[in-house]
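The structure under discussion appears below in the form of structure tokens.
The values are calculated or read from the model by the stated rules, or taken from the named source; none is laboratory data. Please read all numbers here as calculations on a predicted model, not as lab measurements. Note that each Cβ is placed from the backbone with ideal geometry, even for glycine, and that neighbours are counted across all protein chains shown. Accessible surface areas use protein heavy atoms only, side chains included; no ligands, DNA or RNA. Shrake-Rupley method; radii C 1.70, N 1.55, O 1.52, S 1.80 Å.
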Amino acid sequence: MHLFDATTRFYGGNAIVGGGLPLAVGLALAEKMQQRDGIAACFFGEGAVAEGEFHESLNLAELWRLPVLFVCENNLYAMGTRLERSESQPDIHIKAQSYNVPAEVVDGMDVVAVEAAARRVCAAIRAGGGPALLECRTYRFRAHSMFDPQLYRDRAEIEDWKHRDPIDRLASWMRETGVLHDTDITAIEAQVDAEITQAVGFAESGRWEPVAELARDVYAGEVAT
């Protein structure tokens, strides 16, 4: 949640629901003021749409014609609340359109469809079209957290969505189109397994952070003792 790596242009996750939206608008404003052709891409869930930052950010982004792509990963449930129970207008792209922000819906379980939509929308943003929003209709197969009993949805619903697993669909599409063959996919899976094993080993062999460094990178100057 609190990862940050400016070298890869990843400007951080955020513990505040919707907290990344105004940050993305600020980054997009910086791109415009410095006359660069970068686009700030902001990913958030449908639960963030209920926050004021969503509306404020879309409004300012359109007013200032900023190069920002808002990507809403709509998995239908904000923690344990179904979207229709919390929103009088559950179609998120319509909310964006109310601010004159071009918006469209895409099948978030289809990697190829999402890529095609993102390329098309980013081209329009770079051409001076201002901000845009993609509502990716998707689904989470597991509970929101380890303490979530999932009493708000039926198991049959989960199993039905699993038939649309985006990884399986992408693998099938690649086989059908000849982009990859079974041997290629097997090699990729082996590489991923090795990377995961290495990452887990690195984490488990790591040391605990010394208490003396608890306030490091928290304050600008020396910490009074």
**Failed item in (1) modelled with pLDDT of 95 or more; (2) open to solvent by less than 40 Å² (accessible area, probe 1.4 Å), with Ala78 passing the rest** = (1)
**Prompt:** How many residues does the stretch 95-113 contain that are open to solvent by 40 Å² or more (accessible area, probe 1.4 Å) and under 26 Å from Ser172 (Cβ atoms)?
**Reply:** 6
**Prompt:** Can you tell me which residues in the stretch 172-195 are open to solvent by 70 Å² or more (accessible area, probe 1.4 Å), farther than 23 Å from Met109 by Cβ and within 26 Å of the chain's Cα centre (by Cα)?
**Reply:** Gln191, Asp193, Glu195
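Condition first: over 20 Å from Leu76 (Cβ atoms) and in contact (Cβ under 8 Å) with a residue 12 or more places away in the chain. Can you find one or more residues in the stretch 191-203 that meet it?
There is no residue in the stretch 191-203 that is over 20 Å from Leu76 (Cβ atoms) and in contact (Cβ under 8 Å) with a residue 12 or more places away in the chain.
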**Message:** Can you find a residue that is more than 16 Å from the chain's Cα centre (by Cα), more than 19 Å from Ser145 (Cβ to Cβ) and either open to solvent by less than 30 Å² (accessible area, probe 1.4 Å) or modelled with pLDDT of 95 or more (or both) anywhere in the stretch 4-20?
**Reply:** no
**Prompt:** For Glu73, all conditions in the list (1) touching a residue at least 60 places away in the same chain (Cβ under 8 Å); (2) open to solvent by 70 Å² or more (accessible area, probe 1.4 Å); (3) assigned to a helix (DSSP H, G or I); (4) of a type outside the set (S, T, N, Q) hold save one; what is the number of the exception?
**Reply:** (3)
**Item:** Scope the stretch 55-70; condition surrounded by fewer than 17 Cβ atoms within 10 Å (Cβ to Cβ) and in a loop (DSSP other than H, G, I, E, B); matching residues
**Value:** Trp64, Arg65
**Request:** Go through the stretch 26-54 residue by residue and tally those that are within 16 Å of Gly130 (Cα to Cα) and either in contact with a Cys (Cβ under 8 Å, 6 or more places away or on another chain) or part of a helix (DSSP H, G or I) (or both).
**Result:** 9
**Request:** For Glu31, state whether it is open to solvent by 30 Å² or more (accessible area, probe 1.4 Å), in contact with a strand residue (DSSP E or B) (Cβ under 8 Å, 6 or more places away or on another chain) and within 26 Å of Ser98 (Cβ to Cβ).
**Result:** yes
**Prompt:** Take the residues of the stretch 34-43 that are open to solvent by 90 Å² or more (accessible area, probe 1.4 Å) and in contact with a helix residue (DSSP H, G or I) (Cβ under 8 Å, 6 or more places away or on another chain): which is farthest from Leu58 (Cα to Cα)?
**Reply:** Asp37
**Prompt:** Considering the stretch 1-25 alone, what residues qualify as being closer than 16 Å to Gly45 by Cβ, hydrophobic (A, V, I, L, M, F, W, C) and not in a helix (DSSP H, G or I)?
**Reply:** Met1, Ala15, Ile16, Val17
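Go through Glu84, Glu73 for me and flag whichever is at pLDDT below 95 and under 30 Å from Leu151 (Cβ atoms). Talk me through it step by step, then tell me what you get.
Values: Glu73 fails: at pLDDT below 95.
None of the other options fit; the residue is Glu84.
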